[in-house]
Every structure is written in structure tokens, then in C-alpha cells.
Amino acid sequence: MRTSDAHLHDLSCGVPDLYIACGTRPEDWDSLPAEGNGIRCYGIHPWYADQWSPEAEAALRTRLAEDPNAGVGEIGLDSVRQGGNAKEAFMCQMSIASELGRVTSVHNVCSDEGILEAVREYGGGCRSIILHAFSSESISVRELASMNCYFSLSPRVLKRSPARIKALLDKIPDDRLLLETDCPYGSDIGGLALMISQIKGMDAEAFCDMVYDNLGRAIS
């Protein structure tokens with residue numbers, strides 16, 4: 001069974017067959033894992049948006065020039081907790097990802113309107129946009145999917161009832177669905193895959209193959 005993880009920060013939960021390793025601020029970019037078959041994403045998380053500056057932008061551009069397969073992430077908006085420059089930092093980083101044709105990994109907490117604005121403006125140039133720990137029940141999945149977005153579910157989704165999970169899954173096209181651990185904050189990708197495959201009524205191995213192929217397409 002092929003394993004994939006669309007969003008992790010380290011490999012303390014194991015090395016998936018395919019993964020995206022995301023940074024949150026310049027101080028952790030050097031520690032992003034490079035083992036196995038994965039790509040790194042460099043970015044400034046909305047919690048640390050007050051670190052965004054012309055110097056940070058220059059450092060990000062340097063990293064992306066040195067690592068042509070790398071993406072931009074973890075970036076985004078968080079209405080519960082974010083630094084003072086959050087929207088500026090997010091839009092600038094989305095602009096860079098679009099300009100360079102990179103994968104982006106996007107954090108969204110209660111910020112659907114701002115995320116849609118950024119995707120509409122910059123999504124066309126990005127290789128793909130991965131909506132990390134996707135959970136929104138109100139944002140237009142159809143519109144986002146049409147703009148090359150993928151929807152990555154984390155173990156946190158299992159806190160919902162099976163009926164609510166199924167309602168969320170019913171909105172997401174099969175070819176746009178991803179799974180993640182957000183390691184080290186979650187760990188059981190196998191258990192997540194089993195639960196989601198059961199809710200979808202799919203064989204677990206076939207489901208894992210599907211999300212693996214989806215991630216491969218998103219980062220290729």
C-alpha cells in the first residue's frame with residue numbers, strides 16, 4: 001500500500017512514500033526533511049506574519065531559486081491567531097508562487113473570503129494549491145477545484161460525526177482529495193486513510209493509491 005502525506009513538518013511519524021514538508025518561518029527552513037520522495041515548501045505561516053519583510057522575501061526567493069522543485073508554504077490566513085502583516089505576507093507569497101509556478105500549501109482558519117480572493121488573483125500561475133487541513137463547510141469547493149486546488153484532510157476531521165465527514169467528502173472531487181498528518185501534530189495516516197475510505201465506501205488500498213496519485217499529480 002502506497003502512503004502519501006500532503007502536509008508534514010518533520011518525519012518523526014515515519015517516512016511516507018510521497019510527501020510535502022512545510023516550513024513555517026525562516027528559522028525552521030534548514031531543518032525541513034529531505035529523505036525519501038518528497039518536496040520541501042518554504043514560507044512564513046500567518047502566526048509568524050510579523051516576520052514578513054523585504055529581507056524575508058529575498059530569503060524566500062533565494063531558497064526557491066536554489067531548490068527549483070520546492071513550493072511555497074505553509075502560508076495563509078488565520079482569523080483566530082495571526083501576525084499583524086498576515087494578509088500582506090500571504091498575498092505576497094501567493095504572488096511569488098504564481099510568478100514561479102510553484103506548489104503552495106495554504107492554511108485557512110475562518111478566513112474563507114481572504115483565501116478565495118488570493119486563489120482568484122494568483123491561483124492561475126501556481127502549479128497547484130493545496131488547502132491544508134481542509135474543513136470549511138461553506139466555501140465553494142467547486143470553484144476552488146476549478147482553479148487547481150486540492151483538498152487535504154488531516155486527522156482533526158475525525159472529530160466530526162461520520163455524517164458531517166461524508167457531507168464534506170461528497171463535495172470534494174475524488175481526483176482532488178489528499179490526506180495529511182500535519183506531523184508532529186498528528187501521526188496516524190493509516191488510521192485516517194482507513195476511516196475515510198470506509199466512509200467513502202472504497203477499498204482501503206485503492207483509496208490510498210488514489211490519494212497518492214493525486215499528490216503526485218499536484219506536485220509534478
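The values are calculated or read from the model by the stated rules, or taken from the named source; none is laboratory data. A quick note: this is a predicted structure, and the numbers were derived from the prediction, not measured. Reconstructed Cβ throughout: ideal geometry from the backbone, glycine too, with neighbour counts over all protein chains shown. Ligands, DNA and RNA are stripped out before the accessible areas are found, and what is left, the full protein with its side chains, is counted by its heavy atoms. Shrake-Rupley method; radii C 1.70, N 1.55, O 1.52, S 1.80 Å.
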_At 1.4 Å probe size, what's the solvent-accessible area of THR62? Round to the nearest 10 Å²._
70
*Could you work out the local net charge near ALA86, counting Lys and Arg as +1, Asp and Glu as -1, over the other residues with Cβ closer than 10 Å to its Cβ?*
-1
*Would you pull out the residues with amide H under 5 Å of ASP67's amide H, same chain only if 5 or more places away, H placed 1.01 Å from N?*
none
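Tell me the net charge near THR104. Cut-off is 10 Å between Cβ atoms, THR104 excluded, with +1 for each Lys or Arg and -1 for each Asp or Glu.
Neighbourhood net charge equals +1.
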*Number of Lys-Lys pairs in the chain under 22 Å by Cα, sequence gap 8 or more or different chains?*
4
*When the Cα centres of segment 22-86 and segment 89-132 are compared, how far apart do they sit, in Å?*
13
*Could you please report the charge total around ALA34, scoring K, R as +1 and D, E as -1 over all other residues with beta-carbon less than 12 angstrom from its beta-carbon?*
-3
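In percent, what relative contact order does segment 1-49 have, based on Cα pairs under 8 Å that are 6 or more apart in sequence?
On the way: 85 pairs, mean separation 16.6, N = 49.
The value is 34 percent.
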*Rank LEU177, LEU131, LEU194 by mean-square fluctuation in a GNM of the chain with C-alpha springs under 10 angstrom and give only the top-ranked residue.*
LEU194
*If you bin every alpha carbon distance in the chain into 5 Å steps from zero, what whole percent lands in each bin?*
1, 8, 17, 21, 21, 17, 10, 4, 1, 0
*Compare the Cα positions of LEU177, PRO54, ALA89 along the charge dipole of the chain (+1 at Cβ of Lys, Arg; -1 at Cβ of Asp, Glu; about the Cα centre) and return the one farthest towards the positive end.*
LEU177
*asked:* For a protection proxy built on the mean count of beta-carbon atoms within 10 angstrom, sort 43-51, 80-88 highest first, please.
replied: 43-51, 80-88
*asked:* Given a 10 angstrom Cα cut-off, can you work out which residue in ARG156, ARG102, ARG127 is the most mobile in a GNM of the chain?
replied: ARG156
*Based on the alpha carbon coordinates of segment 145-189, what radius of gyration and maximum Cα-Cα distance (Dmax) apply, in Å?*
11.4, 31
*Could you give the accessible area per residue of the chain, probe 1.4 Å, as a whole number in Å²?*
43
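Can you send over the carbon and sulfur percentage of the accessible area for segment 89-174, probe radius 1.4 Å, protein chains only? Walk me through the numbers before you get to the answer.
Numbers: 1760 of 3510 Å².
That share works out to 50 percent.
Once every DSSP H run of n ≥ 4 in the chain is given -39500 (n - 2.57) and the sum is divided by its residues, what mean residue ellipticity at 222 nm do you get, rounded to the nearest 500 deg cm²/dmol? Write out the running numbers ahead of the final one.
On the way: 8 runs with 87 residues, N = 220.
Rounded to the nearest 500, the figure is -12000 deg cm²/dmol.
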*Note down the magnitude of the dipole of the chain about its Cα centre, charges +1 on Lys and Arg C-beta and -1 on Asp and Glu C-beta and zero elsewhere, to the nearest 20 debye.*
560
